[in-house]
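Asker: To start, I am sharing the structure in question, which I have written as structure tokens.
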Amino acid sequence: MIPTEDASARKREIEDKLKQEQETLSFIRESLEKSDQLTKGMVSILSSFESRLMQLENSIIPVHKQTENLQRLQENVDKTLSCLDHVISYYHVAKDTDKIIREGPAGRLDEYLACIAKIQKAVEYFQDNNPDSPELNTVKARFEKGKELLEAEFRSLLMRYSKPVPPILILDTIGGDEDMEVQEDVTLEHLPEAVLQDIICISAWLVEYGRNQGAHTQTLLISCRPLFQPQYNMPKDGTVHELTSNAILFLQQLLDFQETAGAMLASQESSSSASSYSSEFSRRLLSTYIYKVLGNLQLNLSNKAKVYEDPALRAVFLHNNYNYILKSLEKSELIQLVAVTHKKVEGSYRELIEQEIQNYQRRYSLNDLLTLTHLQLAEAWNFEQLKDKERQIIKDKFKGFNDGLEELCKIQQGWAVPDKEQRDAIRQAQKRVVSEAYRAFLQRCANISFTKNPEKYHRYSLEQVEEMIDKLFDTSA
């Protein structure tokens, strides 16, 4: 039995807790009622805001659309005005360019050509849109006058700054032909650079608009002069020299004016046959001219190659340039034109290319460290009981081969052989020579105890050697 006093205390404690719970429950109920009231108020506010926002949107959207329409109309008006200004400008071209055209291109060629371009655009506009317009005749006449003044300026520049020299004499002088008999002391002087650029610019413009083809040919012949000046910007990787590409480009451009160039060369001939020259005679003269250009280019490249201290790189440089010349000749009509007087020109270049490949193969081996000569072992040795000196010789041969191979790949990996077929052929030839020597050396040393650490000297397998050679002439490897 629980004592009466304890039961009363227990009852009072329970009654107090119950009272507290009831008070808490009342507080929660009041809080929920307040929260519900706040929620209803917020919903009412948001509903009102949404309603007002919809009203505002309904009011703004039409205004926005009207604004867009107005902006579009404004843009159309601006474009229309711009087009009108553009069209009206064609009617003012003759007047705006009159002063510059009358004064001619002397001293302000760029400005003059810009005026000619404006006139040309005006001619095209009136031809397309208003062919019966009197303005068309006006701008046409102005355009023809501009071309005449350009031709006059072209002739004036040539007469003022150049001394006529027979083309054959130019080539012979470049090549240093000692057998040539010169009637008078003739020196070849370069045109001033600014004048030469003006001549080329005018000539190109005249050719573009179908006038004075001979003028452009003469400019081409003049532009050949600086091709054989000393140049020292040698490519570090032995690739094709800028001189070679420029010379070939000059000859390819000359193909477009074969008849004119041939006639010019024939006009310089003093023989009796020149008085009644035929097209075939002119073609043979042009063939000889091109052959002399190629010959002087070859001589110039040979001299430039001497800049390279490494004989192997010298051979790579000449090989690349000779191969580029041959490929360029074969891709154009130049090979047929040169063959008119020199039928063996193709074979000559192939011999030069093969000769430089052989020169490279003789020089690449770094003092014969990668050849059979270096890797041979004396037959008189007792390979079962090698002396210390003999062991050291074998070690030195391994070390020499390893160092030579690494040095070869380090240096020649940065060289270039652009022609893939030639590049692969050179690599294969390399592998044949090196692999043959290295294979024989490894077989000879296979059962010879020359060191306690063979892996230190036998650093590369035969397959690894060939893989390294395959990375020659590949800067990305």
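Asker: Determine, for each peptide in 238-247, 445-454, the mean count of other beta carbons within 10 angstrom over its residues, then list the peptides with the highest first.
Answerer: The packing order, highest mean first, is 238-247, 445-454.
Asker: Using the structure shown, list the pairs from Lys95/Lys118; Lys331/Lys431; Lys397/Lys420 with a Cα-Cα distance above 22 Å, or answer none.
Answerer: Beyond 22 Å: Lys331/Lys431; Lys397/Lys420.
Asker: Got a number for the accessible area of Ile393? Probe 1.4 Å, square angstrom, nearest 10.
Answerer: Result for Ile393: roughly 60 Å² accessible.
Asker: A follow-up question, please. Stretched out fully, how many nm does the piece from Tyr161 to Glu330 gain, at 0.36 nm a residue minus the Cα gap?
Answerer: 57.1 nm
Asker: Rank by packing, highest mean first: peptides 27-36, 123-132, 428-437, 298-307, with packing defined as the count of other Cβ atoms within 10 Å averaged across residues.
Answerer: Answer by packing, highest mean first, reads 428-437, 298-307, 123-132, 27-36.
Asker: Can you give the FRET efficiency for Arg362 and Tyr209, using 1/(1 + (r/R0)^6), R0 = 51 Å, r = Cβ-Cβ distance, to the nearest 0.05? Don't skip to the end; give the middle numbers.
Answerer: Numbers: r = 56 Å, r/R0 = 1.10.
After rounding to 0.05, the efficiency reads 0.35.
Asker: For Glu346 and Glu455 in the same chain, what is the full-extension length gain: residue separation times 0.36 nm, less their Cα-Cα distance, in nm?
Answerer: 34.2 nm
Asker: How would Ser348, Ser267 line up by accessible area, probe 1.4 Å, largest first?
Answerer: Ser267, Ser348
Asker: Once ligands and nucleic acids are excluded and a 1.4 Å probe is used, how much of Glu208 is accessible, expressed in Å² to the nearest 10?
Answerer: 130 Å²
Asker: Going highest first, how would you order 313-319, 147-153 by mean Cβ packing within 10 Å?
Answerer: So the order, starting with the most tightly packed, is 313-319, 147-153.
Asker: Probe 1.4 Å, all protein chains in place: accessible area of Met42 in Å², nearest 10?
Answerer: Estimated to the nearest 10 Å², Met42 gives 100 Å².
The values are calculated or read from the model by the stated rules, or taken from the named source; none is laboratory data. No experiment lies behind these values; they were computed from the predicted model shown. Note that each Cβ is placed from the backbone with ideal geometry, even for glycine, and that neighbours are counted across all protein chains shown. Heavy atoms of the whole protein, side chains included, go into the accessibility calculation; ligands, DNA and RNA do not. Shrake-Rupley method; radii C 1.70, N 1.55, O 1.52, S 1.80 Å.
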